[in-house]
Amino acid sequence: MKQNIIIIGAGIVGLATAYNIVRVYPNLSVLIIEKEPDVAMHQTGHNSGVIHSGIYYKPGSLKAQNCTTGYARLIEFCDQYNVKYEICGKVIVAVDENEIPMLDGIYKRGIENGLENLRIINKSELAEIEPYAAGIKAIHVPQTGIIDFTDVSLKLKEVLIENGVEFKFEEKVLNIVHTSSRVNVITNSGTFSAEKVISCAGLQSDRIAKLTEKNLELKIIPFRGEYYELKDSAKHLVKNLIYPVPDPEFPFLGVHFTRMIDGKVEAGPNAVFSFDREGYKKLSFNLKDTLDSVAFKGFLKIAKQYWKTGAGEFYRSFSKKAFVKALRKLIPEIAEDDLVPGNSGIRAQACSSDGKLLDDFYFVENSRVLHVCNAPSPAATSAFSIGESIASKLNLRNT
Ligand SMILES: Cc1cc2nc3c(=O)[nH]c(=O)nc-3n(C[C@H](O)[C@H](O)[C@H](O)COP(=O)(O)OP(=O)(O)OC[C@H]3O[C@@H](n4cnc5c(N)ncnc54)[C@H](O)[C@@H]3O)c2cc1C
């Protein structure tokens, strides 16, 4: 079966890439190959549902650029196709004096990243926005929003099908082979041939990349994020989104409170090393995934660097009391009894062989295959912009 373009992965990055390709090249044939029965079954359907403003990211980085543009494109798409979202704003709160320099640094970054109407607020201004939040100083970020990225993905699927994009679900990519003029994608059920292949395989992106980039020294290290849900009786404690000042040594934002678009209020996610890339339960274990992580030469360096934080995260994963203690820094009134276990998601975090957790989005390409190798948060917010830049460099004839 011959296509112009094959996209591997029907998460939001693959779908938004297809969306941008059909806009630029309406006559090209595009096939999306996905191993699951539907779209958004991994990171995209297991995330916090936050439309990030772009405040945190290093100015000029791919995260900063794509988050800002992706934010605008996502809203345009949702307005055009009636996907529900809400721009409710969030607060980032410093709970003690030590956190204030970091909070001020985040504010400065936000300004450098072009965010308008950011406000540094004091305790009483914070109380007007989030009456139950602790904090001696905070940033109010009015741009932050909430959405269900599965809804966005399902709408994308519908629009793509209307535009002639073909989907093959329950089709697992096993190999990618260059021929003299094309590239063959071999799955569990057949071979598909294309001029270009784009891999947006999330938690499996390193394995797919290795099929064509044998010397790639990069590994996906999976970090599970677990959530609790607030019982109805405690929902009044959170108006919108309450975030801590993040640990500058760690690439995740810290447990926070999020009002979801469906009315739930979630607390989390933590970040625990996962023994299974696609296992969402606390005790999920996959031998291949575990060996793959621990045998990687960068892993030991990461373990050495983060063992203390990692041990704390494991402890909080198994002790609700410890999890709630972390949450109480943000809302002192929250009690263990206010929370019930919620969902979980697994982050695909790329790690280099010298033991660095890659901070920015990262792509590897050859003449016919482009691999999205690191697309962690805020890649759901950024997906339309990532897709736009991939489409713009495809350099294909518009047949
Ligand atoms: C806990 C958590 C909270 C987050 N919160 C936010 C947030 O609030 N806001 C935000 O912007 N971002 C957030 N993120 C990040 C965001 O969810 C991801 O960056 C984004 O969803 C990545 O999309 P993706 O399409 O690259 O990957 P995925 O959604 O993981 O999709 C990859 C797809 O590739 C498929 N695939 C893999 N291997 C193969 C194969 N061999 N053959 C065929 N198909 C294959 C998979 O089945 C999967 O469907 C969060 C992530 C997590 C885990």
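Please treat every number below as a calculation from the coordinates, not as lab data. Computed from a predicted structure; not experimentally measured. As a convention, Cβ positions derive from the backbone with ideal geometry for all residues, glycine included, and neighbour counts pool all protein chains shown.
Between the residues 242, 106, 4, the greatest Cα displacement towards the positive end of the dipole of the chain, with unit charges on the Cβ of Lys, Arg, Asp and Glu, is found for 4. Please say if the stretch 144-234 is rounded, prolate or oblate, where rounded means a/c under 1.5 for a ≥ b ≥ c the square roots of the C-alpha gyration tensor eigenvalues, and otherwise the choice is prolate for a/b larger than b/c and oblate otherwise? Oblate, because a/c is 1.5 or more while a/b does not exceed b/c. Listed by chain and number, the aspartates and glutamates placed with their C-alpha closer than 17 angstrom to that of residue 320 are 226, 229, 266, 333, 336, 337, 338; residues fewer than eight positions away on the same chain are left out.
What is the sum of charges around residue 365, taking Lys and Arg as +1, Asp and Glu as -1, for the other residues whose C-beta is under 12 Å from the C-beta of residue 365? The partial results should precede the final answer.
On the way: positive: 196, 368, 393; negative: 213.
Result for the neighbourhood of residue 365: +2.
Considering only 315, 243, 57, the Gaussian network model of the chain with Cα springs below 10 Å gives its largest mean-square fluctuation to 315.
Of all the options 342, 355, 263, the one that moves most in a Gaussian network model of the chain with Cα springs shorter than 10 angstrom is 263. Out of 14, 225, 114, any idea which swings most in a Gaussian network model of the chain, alpha carbons joined below 10 Å? In the Gaussian network model the winner is 114.
Using only the Cα atoms of the stretch 113-191, build the gyration tensor, take square roots of its eigenvalues as a ≥ b ≥ c, and label the shape rounded, prolate or oblate: rounded if a/c is under 1.5, else prolate if a/b is larger than b/c, else oblate.
Working: a/c = 3.58, a/b = 3.05, b/c = 1.17.
Prolate shape, in that a/c is at least 1.5 and a/b is the bigger ratio.
Shape annotation for the stretch 308-399: C-alpha extents along the principal axes are 61, 32, 19 Å, from largest to smallest. Protection proxy ranking, highest mean first, for peptides 165-175, 145-155: 145-155, 165-175, where packing is the per-residue count of other beta-carbon atoms within 10 Å, averaged. Working note: Cα gyration tensor of the chain, eigenvalues times five, square-rooted, sorted largest first, giving semi-axes of 36, 24, 19 Å.
The stretch 202-245: which trypsin sites (Lys or Arg not before Pro) are DSSP loop and have at most 15 other beta-carbon atoms within 10 angstrom?
On the way: sites: 207, 210, 214, 219, 224, 231, 235, 239; in loops: 214, 231, 239.
Filter output for the stretch 202-245: 214, 231.
Here the Karplus relation 6.51 cos²θ - 1.76 cosθ + 1.60, evaluated at θ = phi - 60°, turns the backbone of the stretch 340-355 into coupling constants of 10, x, x, 7, 8, x, 10, 8, 8, 10, 6, 10, 8, 5, 8, x Hz, with x for every Gly and Pro. Neighbours of residue 96 by Cβ distance under 11 Å: Lys/Arg scored +1, Asp/Glu scored -1, total 0. In the chain, taking the dipole from charged Cβ atoms about the Cα centre, the farthest positive-side position among 263, 191, 253 is held by 191. Average the reciprocal distances over every distinct pair of alpha-carbons in the stretch 87-135, invert the result, and give the Kirkwood radius in Å. Kirkwood hydrodynamic radius for the stretch 87-135: 11.7 Å. For the stretch 161-311, the square roots a ≥ b ≥ c of the C-alpha gyration tensor eigenvalues yield an a/c of 1.5 or more together with a/b not exceeding b/c, which makes the shape oblate. Across the stretch 323-336, computed HN-Hα scalar couplings (Karplus, 6.51 cos²θ - 1.76 cosθ + 1.60, θ = phi - 60°) run 4, 5, 4, 5, 5, 5, 4, 8, 10, x, 7, 5, 10, 3 Hz from first to last residue, x flagging Gly and Pro. So which of 157/196; 35/219; 84/123; 137/325 end up more than 30 Å apart, counting from Cα to Cα? Those over the limit are 84/123.
Residues whose amide H lies under 5 Å from that of residue 361, counting only those 5 or more places away or on a different chain, are 62, 63; hydrogens are built 1.01 Å from N in the peptide plane.
Potential lengthening of the chain between residue 162 and residue 231 amounts to 20.8 nm, from the contour at 0.36 nm per residue minus the alpha-carbon distance.
Here the stretch 271-357 is described by how far its Cα atoms reach on the three principal axes: 44, 24, 17 Å, from widest to narrowest. Each Lys or Arg adds one and each Asp or Glu takes one away; over the other residues whose Cβ falls under 13 Å from the Cβ of residue 128, this sums to +1.
Could you tell me how many cubic angstrom of Cα convex hull volume the stretch 20-166 has per residue?
Numbers: hull volume 20.7 nm³, N = 147.
About 141 Å³ per residue, rounded to a whole number.
Karplus-derived 3J(HN,Hα) values for the stretch 299-313, using 6.51 cos²θ - 1.76 cosθ + 1.60 with θ = phi - 60°, are 5, 4, 5, 5, 4, 5, 5, 10, 4, 5, 4, x, 5, x, 5 Hz; glycine and proline are entered as x. Considering only 88, 177, 372, and ranking their Cα positions along the charge dipole of the chain that arises from unit charges at the beta-carbon of Lys, Arg, Asp and Glu, the one farthest toward the positive end is 177.
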